[in-house]
Amino acid sequence: MFAAIQKFVTYSTSKNFHRFFTHHQRNMSTVKGGKKLFTLSPGISLTTKQAMLRDINTRDEEFTDAIKFIRRKLLDIAGASPDKYTSVLMQGSGTFAIEAVLSTTIPRKAGKILVLENGSYGRLTDMIRILAVDHTLIEFPNDRPIDVNRVEECLKNDVFTNVYMVHCEPGSGVFNSISEVGALIKKYNPDASFFVDAICTFGAVPMDLQESNVHFMVGPTNKCIESVPGFAYVIAQKDRLLNCKGIARSSCLDLVAEYEKLEKSNQFRFTPPTHSILAFKQALIEHETEGGVAARGQRYKTNCEVLRAGMRKMGFKELVNDADNRFIITPYLHPKHPNFNFQEFYGRLNDKDQVIYSGKVASSFSIGTMGHIFQDDIEYLLKCIEDVCNDMGIPLPLSD
Ligand SMILES: *Cc1c(COP(=O)(O)O)cnc(C)c1O
């Protein structure tokens, strides 16, 4: 008996036990019928999901405290000083918050936005057309970072009130240089407000808003923060935000009005996504416990390295030839073997509870390495991909 206890004590303090335990805990995040998502809206820890399994009154102090906690913690993660910046929560998904920034911050008189696009597939242009604002669009190839020389040319030769750029476009997964573009704006158009879509990167890729001259940033609750959808948020430089009072082209998406209400009472103007707020608070605590942006980014990097090495070994070719500037999501070309059919490949992986992303670029699919996934999940996915190729009669390694 004693020997058995001693054995267990030895085992329970060993690395193997730790691996077993954390693996077991993580597996519990997959309930029956649950899937591992290697997509753009990836999996969430069980504890974050559990945090939302209760009702809470929106007037309850616990709830308004949660909102306060979230608003402050977002600034911490963004490296933004609360003296200069604020965060505004907005119902809806990330795109709603993007539209809120656009409709709130472009001056009605002589407003003109420079849109730097590398593969957002018209998301911005649609909004700008509907909002009917003056704009210049520069389109860049979607398989490499935005070319700052072209941005410089444009900023030198025209006057803008706003500039929009995405930090990482999931179609390619490559990162754009926020700080370089921010510095150019400061140099040539210092009055212009710089707006960054960080929906794909916030929480895992370091960003210093102040140093990069960013005035408005949108982030999500899902993706790298690993919580449930339901709202999004804008981190805004306070002066710039308050300058926008009264110019919104939308009532629901008026960021200044939302900010004023939050400041006054830690309440949303309209029904808040209560359960999502509870989950998000828990997700932020887990983000900090893991070690913040650096640790989360490191986990995703490891995931991505393991994925890329394994896929390379099987002969899969990446869509984007860019060595290291990526770890959120990796797009792959469809293999050329005649037996390959994406629907079947996807379906067979799905039957094994492994969900990949169909890819935004033709003849490609993507595999996300963010979300509540770990190295052993990637290793298991690779094993499943190998099995599925075998089952489809596609010899590995691929020959083209
Ligand atoms: C996912 C994503 C979006 C869209 O966000 P929704 O939450 O679907 O509205 C926008 N921009 C980027 C960079 C994204 O990764």
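Computed from the coordinates by the stated procedures, all read-outs in this text should not be read as laboratory data. On a predicted model such as this, the values are computed, not experimentally measured, just so you know. Methodologically, a virtual Cβ is constructed for each residue, glycine included, from the backbone with ideal geometry; neighbour enumeration extends over all protein chains shown.
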Stokes-Einstein translational diffusion, the chain - Kirkwood Rh over all Cα pairs, 1.567 mPa s, 4 °C, in µm²/s
57
Distance between the C-alpha centers of region 188-249 and region 54-107? Whole Å please.
10
Amide H neighbours of residue 231 under 5 Å, at least 5 residues apart or on other chains, H built in the peptide plane: list them.
92, 221
Check which residues have an amide H placed less than 5 Å from residue 248's amide H, if you skip close sequence neighbours.
none
What shape does region 137-178 take by its C-alpha gyration tensor, where a ≥ b ≥ c are the square roots of the eigenvalues and a/c under 1.5 counts as rounded, a/b above b/c as prolate, and the rest as oblate?
prolate
Which whole-Hz ³J(HN,Hα) couplings does region 35-51 yield from phi under the Karplus relation 6.51 cos²θ - 1.76 cosθ + 1.60, θ = phi - 60°, glycine and proline marked x?
10, 8, 9, 9, 10, 7, 10, x, x, 10, 5, 4, 5, 5, 5, 5, 4
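Evaluate E = 1/(1 + (r/R0)^6) for residue 186 and residue 137, where r is the Cβ-Cβ distance and R0 equals 22 Å; express this FRET efficiency to the nearest 0.05. Don't jump to the answer; show the numbers that get you there.
On the way: r = 22 Å, r/R0 = 1.00.
So, using R0 = 22 Å, E works out to roughly 0.50.
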With label points built 7 Å along Cα→Cβ from the Cα atoms of residue 238 and residue 353, find their separation and express it in nm.
4.8
In units of 2.2 N^0.38 Å, what is the alpha-carbon radius of gyration of region 111-266?
1.03
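Could you rank the peptides 356-369, 190-203 by their average count of other C-beta atoms within 10 Å per residue, with the highest value first? Walk me through the intermediate numbers first.
On the way: 356-369: 19.4, 190-203: 22.9.
Result, highest mean Cβ count within 10 Å first: 190-203, 356-369.
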Nearest 5 is fine: what % of DSSP beta bridges in region 111-251 come out antiparallel, could you say?
25
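I need 101, 234, 205 ordered by Cβ neighbour count within 10 Å, fewest first.
On the way: 101 28, 234 25, 205 19.
Ordered from fewest to most neighbouring Cβ atoms within 10 Å, 101, 234, 205 come out as 205, 234, 101.
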Here region 304-321 yields Karplus 3J(HN,Hα) values (6.51, -1.76, 1.60; θ = phi - 60°; whole Hz; Gly and Pro given as x) of 5, 5, 5, 4, 5, 5, x, 5, 4, 4, 7, x, 6, 9, 6, 6, 10, 8
In whole Hz, what ³J(HN,Hα) sequence does region 170-179 give by Karplus (6.51, -1.76, 1.60; θ = phi - 60°), x for Gly and Pro?
x, x, 10, x, 7, 8, 8, 8, 5, 5
Return the subset of 281/352; 49/245; 112/187; 49/313; 109/360; 49/84 for which the Cα-Cα distance in this structure is over 26 Å, preserving the input order.
281/352; 49/245; 49/313; 109/360; 49/84
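Is region 57-195 rounded, prolate or oblate when judged by the Cα gyration tensor, a ≥ b ≥ c being the square roots of its eigenvalues, rounded requiring a/c under 1.5 and prolate requiring a/b larger than b/c? Mind dumping the intermediate values first?
On the way: a/c = 1.75, a/b = 1.70, b/c = 1.03.
Since a/c reaches 1.5 and a/b is larger than b/c, the shape of region 57-195 is classed as prolate.
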Let me know the Kirkwood hydrodynamic radius for region 178-255, please, with Cα pairs as the basis and the value in Å to one decimal.
13.7
Between the helical axis of 375-391 and the dominant principal axis of the chain, each derived from Cα atoms, what acute angle in degrees is found, rounded to the nearest 10?
70
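How much length is gained on full extension from residue 309 to residue 387, taking 0.36 nm per residue of separation minus their Cα-Cα distance?
Numbers: separation 78, 0.36 × 78 = 28.08 nm, distance 1.70 nm.
Result: 26.4 nm gained on full extension.
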Of the residues 37, 155, 74, which exhibits the maximal mean-square fluctuation in a Gaussian network model of the chain defined by a 10 Å Cα contact cut-off?
155
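Got a sec? How would 164, 188 order by Cβ neighbour count within 10 Å, fewest to most?
Details: 164 27, 188 18.
Taking fewest neighbouring Cβ atoms as first place, the list is 188, 164.
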